[in-house]
Amino acid sequence: MEGKTIVVLCTAPTRDAERIADLIVRKGLAACVNIMGVGSIYRWEGEIQHEREELMVIKTTGELLESLTETIGGAHPYAVPEIIALPVVGGHADYLAWVGESVGRRE
């Protein structure tokens, strides 16, 4: 996936999602992060949990995945945050170029 556009999915509590998204964009680890509310049902420590969370849809490149994962892990309140990377197999060429040009820029 190195050099290729990827989408990374990560859920976080509402109070933390915007802070994490802002951090990764400022550090140049993502070109864009969309945040949307979702309901999550999952098993944690033997119990079924029902939570409202925010889903972050993160656009970046494969070469930044390791740094992105480490940064999210350090900023995330969960012991085991969801961080899932998916390859982008196509899309608007200008948008994909913009993603590649936008990452790596730090504030």
With label points set 7 Å from each Cα along the Cα-to-Cβ direction at VAL7 and ILE84, the distance between them in nm comes to 1.2 nm
Could you look at the chain and say what percent of its accessible area is carbon and sulfur, using a 1.4 Å probe and all protein chains?
51 percent
Relative contact order in percent for region 6-57 (Cα pairs under 8 Å, 6+ apart) equals 48 percent
Just going by the charge dipole of the chain, with Lys and Arg at +1 and Asp and Glu at -1 on Cβ, which of PRO81, TRP98, CYS10 is farthest out on the positive end?
TRP98
Averaged per residue, the 1.4 Å probe accessible area of the chain, protein heavy atoms only, in Å², is roughly 61 Å²
Rounded to the nearest 500, what is the 222 nm mean residue ellipticity of the chain from helices alone, with -39500 (n - 2.57) per DSSP H run of 4+ residues and division by all residues?
-9500 deg cm²/dmol
Which of (i) 0.99; (ii) 0.96; (iii) 1.05 gives Rg/Rh (Cα atoms, Kirkwood Rh) as computed here? It is (i)
Taking only the alpha-carbon atoms of region 21-71, what semi-axes of the equivalent ellipsoid follow from 5 times the gyration tensor eigenvalues under a square root, in whole Å, largest first?
26, 14, 8
Whole-Hz ³J(HN,Hα) for each residue in region 67-81, computed from phi via Karplus 6.51 cos²θ - 1.76 cosθ + 1.60 with θ = phi - 60°, x for glycine and proline: what do you get?
5, 4, 4, 5, 5, 4, x, x, 9, 8, x, 7, 5, 10, x
Taking Cα centroids, how far is region 59-103 from region 13-33 in Å?
11 Å
Would you look at the GNM of the chain, springs on alpha carbons closer than 10 Å, and say which of GLY37, GLY90, GLY46 moves the most?
GLY46
With +1 on the Cβ of every Lys and Arg and -1 on the Cβ of every Asp and Glu, and nothing else charged, how large is the dipole of the chain about its Cα centre, in debye rounded to the nearest 20?
200 debye
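The values are calculated or read from the model by the stated rules, or taken from the named source; none is laboratory data. On a predicted model such as this, the values are computed, not experimentally measured, just so you know. A quick note on method: Cβ atoms are made from the backbone with ideal geometry, for glycine too, and the neighbour counts reach across all protein chains shown. Remember, those area values only see protein heavy atoms, side chains included, never the ligands or the DNA or RNA. Shrake-Rupley method; radii C 1.70, N 1.55, O 1.52, S 1.80 Å.
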